[in-house]
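The values are calculated or read from the model by the stated rules, or taken from the named source; none is laboratory data. Fair warning: this is a prediction, and the values are worked out from it, not measured in the lab. Positions of Cβ are backbone-derived with ideal geometry, glycine not excepted, and every protein chain shown enters the neighbour counts. Ligands, DNA and RNA are excluded from the accessible area calculation, which covers all protein heavy atoms including side chains. Shrake-Rupley method; radii C 1.70, N 1.55, O 1.52, S 1.80 Å.
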Amino acid sequence: ATLRLFASVREAAGGERSVTIAGETVGQVVDAACEKFGDHFAALIPTCKTWVNGEPADRNTAIGDTDEVAILPPVSGG
């Protein structure tokens, strides 16, 4: 699947906007991304929302090779 990263998780991934990561579920893709990008990236994940193809998803959501998984950190501002 294509993993798309935004804001602080993108920064934690060294500026990567998207990366292809194999997995059968959202959880497998996110776990592989945590392995790839390290502890700082992994520490941000619990506060993030995950979407698949523009729809909210959880760790158990099944995905295929052509799906897009997006990790969105909380938005702050004033």
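Taking the criterion of being open to solvent by 90 Å² or more (accessible area, probe 1.4 Å) and either in contact with an Asp or Glu (Cβ under 7 Å, 6 or more places away or on another chain) or polar (S, T, N, Q) (or both), the residues of the stretch 49-71 that qualify are N60, T66. Taking the conditions exactly as written (out of contact with any Gly (no Cβ under 9 Å at 6 or more places or on another chain) and at pLDDT below 95), does S76 satisfy them or not? For S76, the condition - out of contact with any Gly (no Cβ under 9 Å at 6 or more places or on another chain) and at pLDDT below 95 - is met.
Every residue, every condition in (1) touching a helix residue (DSSP H, G or I) at 6+ places or on another chain (Cβ under 6 Å); (2) of a type in the set (A, V, I, L, M), yes or no:
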residue: T25; (1), (2): no, no
residue: H40; (1), (2): yes, no
residue: A43; (1), (2): no, yes
residue: W51; (1), (2): no, no
residue: T61; (1), (2): yes, no
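The residues listed here are D31, D58, D39, D65; of these, the one that is of a type in the set (D, E, K, R) and at pLDDT below 95 is D65. Go through the stretch 27-72 and give me each residue that's assigned to a helix (DSSP H, G or I), under 12 Å from R4 (Cα atoms) and of a type in the set (V, I, T). Once the filter is applied, which keeps residues that are assigned to a helix (DSSP H, G or I), under 12 Å from R4 (Cα atoms) and of a type in the set (V, I, T), the stretch 27-72 yields V29, V30.
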